[in-house]
Amino acid sequence: MLARRIPGILPRMSFDEAIETTKVYSVMGVLERDRALITQRPFRSPHHTISDIGLIGGGNTPRPGEVSLSHNGLLFLDELPEFKKHVLEVLRQPLEDGRVTISRALMSITYPSRIMLVAAMNPCKCGGSGENSLTCTCTPREIHQYRSRISGPLLDRIDIHIEVPAVKYRDLADRSESESSTVIAARVEKAREIQLERFRGTKVHSNAHMTPRQIRRYCEPDAAGHRLLELVTERLGFSARAYTRILKVARTIADLEGAENVREQHLAEAIQYRSLDRKSV
């Protein structure tokens, strides 16, 4: 449910994004006849039995896969550890480069795949680990084997890891109004406008696609932030990729707050969103 709500709070598609996405659907022959242009961000949720060709693309005549059909939108992988490991590993290039190159003897085709990947998994095979650990029937070894189905390099490429605890009865029964998607979307749109202004004149349009030089320029933390990063990097053994992703997330948190500079509290929040890194120590 949470994953399906995300497209509703993402910034509106630009005309260029709509054209790019429409081209992919046109190549696949799945563009609706009465829909000349795709203006809503795609949401794709393939089953965990999908093959690597179905996910990335390929075939005798290379066709786009789910990652390209999710271009400029969201790809949701439910029950992540249930996907075949070699299928998950082929996600590395699309997540890193924003494109997929499929090579065959007579041709080589590149499809776009700039996506937001959202994945969900249980804390263990039986699902009882975590808050309700008393109901868990898994041994520590089985929990480790289950979580190790997701490789470290793939986890490195996922910016945010969040534990979602079981919902309490009082929250299920609560009838009070909560923050609407419209309010959240307005906040997100404002943060995206800040980023568009920041990267005006470049091919980058959001913090997620910053180059190393732009990260050094726009994500420079304050002195307290530097000390915090040094402490957690040494203690948790963050990779260089995880380190830069923390900086990008912290920059986005600062943008949502309307802050000009990245401060210690922004970095602390970004670090809290790396829960699987913390559990692996």
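The values are calculated or read from the model by the stated rules, or taken from the named source; none is laboratory data. Quick caveat, the model's predicted, so the values are computed rather than measured. Here the Cβ positions follow ideal geometry from the backbone for every residue, glycine too, while neighbour counts run over all protein chains shown. Ligands, DNA and RNA are stripped out before the accessible areas are found, and what is left, the full protein with its side chains, is counted by its heavy atoms. Shrake-Rupley method; radii C 1.70, N 1.55, O 1.52, S 1.80 Å.
Percent of accessible area on the chain owned by carbon and sulfur, 1.4 Å probe? Answer for the chain: carbon and sulfur cover 52 percent of the accessible area. For the pair residue 230 and residue 160 in one chain, pulling the backbone fully straight at 0.36 nm per residue adds 23.2 nm over the alpha carbon distance. Of the beta bridges in the chain, as assigned by DSSP with both residues counted there, near 45 percent are antiparallel. Of all lysines in the structure, those lying under 24 Å Cα to Cα from residue 190, and not within fewer than 8 positions of it along the same chain, are 203, 248. Placing a label point 7 Å from the Cα of residue 37 along the Cα-to-Cβ direction, no residue of the stretch 203-218 has its backbone N under 15 Å from that point.
Directionally averaged projected area (the stretch 145-281, Cα convex hull): 10.7 nm². Of all lysines in the structure, the ones whose alpha carbon falls short of 20 Å from that of residue 125, not counting any fewer than 8 places away in one chain, are 84, 85, 279.
Temperature 10 °C, viscosity 1.306 mPa s: under these conditions the Stokes-Einstein estimate for the stretch 176-215, based on its Kirkwood radius over C-alpha pairs, is 137 µm² per second. Between residue 168 and residue 239, the modelled labels are 3.8 nm apart [label points 7 Å from Cα along Cα→Cβ]. For the stretch 65-155, what log10 I(q)/I(0) values come out of the Debye formula at q = 0.22, 0.24 1/Å, with one point per alpha carbon and no solvent? Listed by q, the Debye log ratios stand at -1.06, -1.18. Treating each Cα of the chain as an identical point scatterer and ignoring solvent, apply the Debye formula and state log10 I(q)/I(0) at q = 0.08, 0.09, 0.13 Å⁻¹. Each listed q maps to, in turn, -0.39, -0.49, -1.06.
In plain terms, the chain from residue 196 to residue 6 could stretch by 66.4 nm, reckoned as 0.36 nm per residue minus the Cα-Cα distance.
For the pair the stretch 150-210 / the stretch 30-104, the C-alpha centres are spaced 21 Å from each other. With all pairs of separate Cα atoms included, the stretch 46-118 yields a Kirkwood hydrodynamic radius of 12.2 Å.
Dividing the alpha-carbon radius of gyration of the stretch 1-138 by the rule-of-thumb value 2.2 N^0.38 Å gives 1.19. Here the stretch 1-43 is treated as a sphere whose radius is the Kirkwood value from Cα pairs; by Stokes-Einstein at 37 °C and 0.692 mPa s it diffuses with a coefficient of 293 µm²/s. Per-residue ellipticity at 222 nm, computed for the chain from helices alone with -39500 (n - 2.57) per DSSP H run of at least four residues, works out to -12500 deg cm²/dmol.
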